[in-house]
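Presented below is the structure to which this report refers.
The values are calculated or read from the model by the stated rules, or taken from the named source; none is laboratory data. Bear in mind that the values here come from a model prediction, so they are computed numbers and not experimental data. Cβ atoms come from the backbone with ideal geometry, glycine included; neighbour counts cover every protein chain shown.
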Amino acid sequence: MGPISSSYLTDSQLELTWQKNVNHYSSSTPGNFTVFFEDNESNALPLTLLVVPDDNKPSLTLYTYNITIPAVATNSATISLAYFSNTAPTYYACADFAIYNSL
């Protein structure tokens, strides 16, 4: 966990944009981008919020999707993006934030 970067309301929409730095696509074993949510104040398992199939778009392609912030008020949460290419190591990007019922 790192420093809290932002705070959001429960059930609000968040636009995520990420870049595919290197295209590791393979038509025989296509991977995916998966977005996970984790409440760092509980022992709950990470929750999968979004799965985007990998495609053969070139390196440096930007992807933009909306997610709904879970209805879990917490002072410490993490959104993680994993690129499971199935042909290279898994790549991760994370952001720590808080979720409130009202600001």
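Among residues belonging to the range 52-79 that are part of a loop (DSSP other than H, G, I, E, B) and of a type in the set (S, T, N, Q), point out the one that is farthest from residue 9 (Cα to Cα). Lay out the reasoning, then the answer.
Of all residues in the range 52-79, those part of a loop (DSSP other than H, G, I, E, B) come to 54-60, 69-73.
Now drop any that are not of a type in the set (S, T, N, Q), which leaves 56, 59.
Working: 56: 35, 59: 34 Å.
Of everything passing the filter in the range 52-79, 56 is farthest from residue 9 (Cα to Cα).
What number goes with the only condition from (1) closer than 12 Å to residue 16 by Cα; (2) surrounded by 15 or more Cβ atoms within 10 Å (Cβ to Cβ) that residue 83 does not pass?
Of the numbered conditions (1) closer than 12 Å to residue 16 by Cα; (2) surrounded by 15 or more Cβ atoms within 10 Å (Cβ to Cβ), the odd one out for residue 83 is (1).
Among the residues of the range 1-21, what is the count of those that are in a loop (DSSP other than H, G, I, E, B), of a type in the set (A, V, I, L, M, F, W, C) and surrounded by 12 or more Cβ atoms within 10 Å (Cβ to Cβ)?
First, the residues of the range 1-21 that are in a loop (DSSP other than H, G, I, E, B): 1-5, 10-12, 21.
Filter once more, keeping what is of a type in the set (A, V, I, L, M, F, W, C): 1, 4.
Narrowing the set further to residues that are surrounded by 12 or more Cβ atoms within 10 Å (Cβ to Cβ) leaves 4.
The total comes to 1.
Answer yes or no: is there a residue in the range 55-72 that is among the charged types (D, E, K, R) and in contact (Cβ under 8 Å) with a residue 60 or more places away in the chain.
Step one: filter the range 55-72 for residues among the charged types (D, E, K, R), giving 55, 57.
Of the ones still in play, those that are also in contact (Cβ under 8 Å) with a residue 60 or more places away in the chain are none.
No, because not a single residue in the range 55-72 is among the charged types (D, E, K, R) and in contact (Cβ under 8 Å) with a residue 60 or more places away in the chain.
Tell me, please, whether a residue that is surrounded by fewer than 16 Cβ atoms within 10 Å (Cβ to Cβ), closer than 14 Å to residue 92 by Cα, at pLDDT 95 or above and in contact with a Leu (Cβ under 6 Å, 6 or more places away or on another chain) can be found in the range 23-45.
Within the range 23-45 (the criterion being surrounded by fewer than 16 Cβ atoms within 10 Å (Cβ to Cβ), closer than 14 Å to residue 92 by Cα, at pLDDT 95 or above and in contact with a Leu (Cβ under 6 Å, 6 or more places away or on another chain)), the answer is no, since none of the residues qualifies.
Test each condition in (1) surrounded by fewer than 16 Cβ atoms within 10 Å (Cβ to Cβ); (2) within 15 Å of residue 22 (Cβ to Cβ); (3) under 17 Å from the mean Cα position of the chain (by Cα) for residue 67 and report the one that comes out false.
(2)
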